[in-house]
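What follows is a single structure, and I will ask about it in a moment.
The values are calculated or read from the model by the stated rules, or taken from the named source; none is laboratory data. Just so you know, these numbers come straight off a predicted model, no measurement behind them. No Cβ is skipped: glycine too gets one built from the backbone with ideal geometry, and neighbour counts run over all protein chains shown. In case anyone asks, the SASA skips ligands and DNA or RNA and just uses the protein heavy atoms, side chains included. Shrake-Rupley method; radii C 1.70, N 1.55, O 1.52, S 1.80 Å.
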Amino acid sequence: MTQIRTRLERGRGALGPALALVHTGRAPTRAVLTAELGVTRATAGAVAAELEALGLIRVDTRPTVAAGAQGRPSHRLEVDPDGPVVLAAQVHSDGFRAALVGLGGRIVATDPGCVIVDPDPAQVLGEVVETGARLLERTGRVCVGAGLAVPSAVAEPEGVALNPMHLAWPAGVPVRERFTEQVRRHGIAGPVGPVDCWVGNDINLAALAEHRHGGGRGAAHLLVVATGHRGVGGALVVDGRLHTGSSGLALEVGHLTVNPQGRACHCGGRGCLDVEVDPLAFLREAGREPGPELSLPAQARELLRRKYADPDVRRAADLLIDRLGLGLAGLVNVLNPDRILLGGLHRDLLEADPERLRSVVADRSLWGRSGSVPVLPCTLDFNSLVGAAELAWQPLLDDPLAVLAPQGG
């Protein structure tokens with residue numbers, strides 16, 4: 001044990017990087033962990049043992065050897081499914097959803113909230129956190145952080161929602177401050193005191209989740225464009241980090257003009273992606289008025305999947321695909337991503353007619369078909385929730401001991 005502790009002291013700075021590698025699935029074995037960290041096998045073993053002692057990962061000391069494999073088998077590593085969780089939540093125009101999310105992006109428990117969002121942010125956030133507190137009480141899990149996704153540009157680092165127009169909240173709401181107040185009021189705390197609370201734009205967080213756990217793994221320049229319950233958002237992940245600009249306001253792609261004679265937009269423009277290629281636009285182009293029974297995304301998805309043969313539905317889908325493709329081509333010309341992921345209704349449009357959308361993007365981008373970018377669907381359910389959890393996990397990924405055992409264990 002003394003030797004292990006000595007090795008750990010030499011590799012203590014590797015705890016966070018090691019946990020991040022296991023968390024994102026990039027170190028499935030101790031041999032891979034050793035190579036990725038650039039440390040000795042003994043140090044990697046000590047680091048893995050400490051993470052296991054903290055209840056964060058599991059080390060399989062009886063690995064199986066694949067047929068035909070050469071050399072010494074390596075211990076397998078995985079996140080501990082019974083380990084701590086973070087509270088993650090997403091507020092949208094049709095309500096909210098709260099969840100407990102474990103390491104590895106795994107949703108442990110989730111619960112949807114109200115259908116009508118109150119115009120008072122404190123009221124909504126109180127209900128959000130109350131729902132999360134019930135989930136924690138029901139599961140008995142240890143919480144080490146809290147993250148919130150909102151459909152608004154969020155100024156960093158203050159966590160101010162600058163334009164939550166689809167929520168009918170006033171501009172400039174200090175959402176992070178209000179969220180933190182509610183977490184404290186409901187008594188949610190971690191092993192060593194109050195948990196940190198974080199807030200981000202919902203599509204930014206969806207992109208972060210897809211890059212770490214979903215369809216964006218391995219992309220150096222990942223562009224994500226998606227519909228929310230209302231509107232359109234976009235995000236760019238460069239070398240594993242969200243590109244948010246100087247103050248968190250980059251990639252407001254919803255306000256690219258794709259139909260100059262189109263609908264008036266909330267931003268003061270006309271024909272923006274935000275109002276031309278979202279669920280409400282699709283329903284109206286197809287001659288359907290939205291009803292109260294389901295959320296707008298659910299109504300649009302059901303119509304597209306069940307009634308695609310209907311001429312009005314097919315015409316509406318083609319129109320939105322063309323407008324979406326035009327917007328994506330402009331983004332390709334400016335950002336030069338190596339992969340595009342589409343979420344929400346955009347994912348459904350891609351699945352309905354992938355060749356049409358990819359053709360529009362290729363034809364309208366500067367490099368044409370010879371330099372076309374893969375356009376793929378997002379793969380995670382509730383990716384904005386998982387992304388909100390990633391914000392909350394980051395302090396633990398940076399320094400596990402500071403969050404769980406600041407005295408040094």
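Quick check: is even one residue across the range 359-373 in contact with a helix residue (DSSP H, G or I) (Cβ under 8 Å, 6 or more places away or on another chain), open to solvent by less than 40 Å² (accessible area, probe 1.4 Å), under 30 Å from L21 (Cα atoms) and in contact (Cβ under 8 Å) with a residue 40 or more places away in the chain?
The answer is yes, given that some residue of the range 359-373 is in contact with a helix residue (DSSP H, G or I) (Cβ under 8 Å, 6 or more places away or on another chain), open to solvent by less than 40 Å² (accessible area, probe 1.4 Å), under 30 Å from L21 (Cα atoms) and in contact (Cβ under 8 Å) with a residue 40 or more places away in the chain.
Here's a follow-up. State the number of residues belonging to the range 241-273 that are at positive phi and open to solvent by 20 Å² or more (accessible area, probe 1.4 Å).
Counting residues in the range 241-273 that are at positive phi and open to solvent by 20 Å² or more (accessible area, probe 1.4 Å) gives 3.
Mind counting the residues in the range 311-333 that are surrounded by fewer than 14 Cβ atoms within 10 Å (Cβ to Cβ) and not basic (K, R)?
3
Does E390 satisfy the condition of being acidic (D, E) and open to solvent by less than 10 Å² (accessible area, probe 1.4 Å)?
Taking the combined requirement at face value, the residue satisfies it.
Next question. Name every residue in the range 274-287 that is surrounded by 21 or more Cβ atoms within 10 Å (Cβ to Cβ) and more than 10 Å from A300 (Cβ to Cβ), in order of residue number.
D274, V275, E276, V277
Scan the range 285-303 residue by residue and report those that are assigned to a helix (DSSP H, G or I) and without any contact (Cβ under 8 Å) to a residue 12 or more places away in the chain.
Matches in the range 285-303: A298, E302.
Looking at (1) under 30 Å from V195 (Cα atoms); (2) not assigned by TED's automatic domain parsing to the domain that holds C197, find the lone condition where L349 falls short.
Here L349 clears every test but (1).
If only one of C267, C272 is modelled with pLDDT under 90, within 26 Å of the chain's Cα centre (by Cα) and of a type outside the set (F, W, Y), which one is it?
Answer to the selection: C267.
Out of all the residues in the range 335-348, is one or more over 18 Å from the mean Cα position of the chain (by Cα), surrounded by fewer than 15 Cβ atoms within 10 Å (Cβ to Cβ) and not in a helix (DSSP H, G or I)?
Yes, the range 335-348 contains a residue that is over 18 Å from the mean Cα position of the chain (by Cα), surrounded by fewer than 15 Cβ atoms within 10 Å (Cβ to Cβ) and not in a helix (DSSP H, G or I).
May I pose another question? If you take the residues in the range 46-105 that are over 30 Å from P290 (Cβ atoms) and basic (K, R), which one is modelled with the lowest pLDDT?
R72
From the set of residues in the range 175-230 that are more than 17 Å from V150 (Cβ to Cβ) and either aromatic (F, W, Y) or in a strand (DSSP E or B) (or both), which is farthest from the chain's Cα centre (by Cα)?
Here the answer is G193.
Given the residues E351, E355, which is the only one that is in a helix (DSSP H, G or I), charged (D, E, K, R) and within 17 Å of V224 (Cα to Cα)?
Selected residue: E351, the only one of E351, E355 that is in a helix (DSSP H, G or I), charged (D, E, K, R) and within 17 Å of V224 (Cα to Cα).
How many of the residues making up the range 193-213 are over 18 Å from V129 (Cα atoms), out of contact with any strand residue (DSSP E or B) (no Cβ under 7 Å at 6 or more places or on another chain) and open to solvent by 20 Å² or more (accessible area, probe 1.4 Å)?
2
Just for the range 395-405: of the residues that are part of a helix (DSSP H, G or I) and touching a residue at least 60 places away in the same chain (Cβ under 8 Å), which one is surrounded by the most Cβ atoms within 10 Å (Cβ to Cβ)?
Here the answer is L396.
Pairs, please: C-beta under 6 Å, at least 6 apart or cross-chain, first residue of a type in the set (D, E) and in the range 197-219, second open to solvent by less than 20 Å² (accessible area, probe 1.4 Å) and part of a helix (DSSP H, G or I)?
If the second residue must be open to solvent by less than 20 Å² (accessible area, probe 1.4 Å) and part of a helix (DSSP H, G or I), the pairs left are D202/S384.
What is the number of the single condition among (1) open to solvent by less than 20 Å² (accessible area, probe 1.4 Å); (2) within 23 Å of G83 (Cα to Cα); (3) touching a helix residue (DSSP H, G or I) at 6+ places or on another chain (Cβ under 6 Å) that D111 does not meet?
Among (1) open to solvent by less than 20 Å² (accessible area, probe 1.4 Å); (2) within 23 Å of G83 (Cα to Cα); (3) touching a helix residue (DSSP H, G or I) at 6+ places or on another chain (Cβ under 6 Å), D111 violates only (1).
Only residues that are open to solvent by 10 Å² or more (accessible area, probe 1.4 Å) and either closer than 16 Å to V199 by Cβ or under 19 Å from the mean Cα position of the chain (by Cα) (or both): list them for the range 128-152, please.
V144, P151 - these are the residues of the range 128-152 that are open to solvent by 10 Å² or more (accessible area, probe 1.4 Å) and either closer than 16 Å to V199 by Cβ or under 19 Å from the mean Cα position of the chain (by Cα) (or both).
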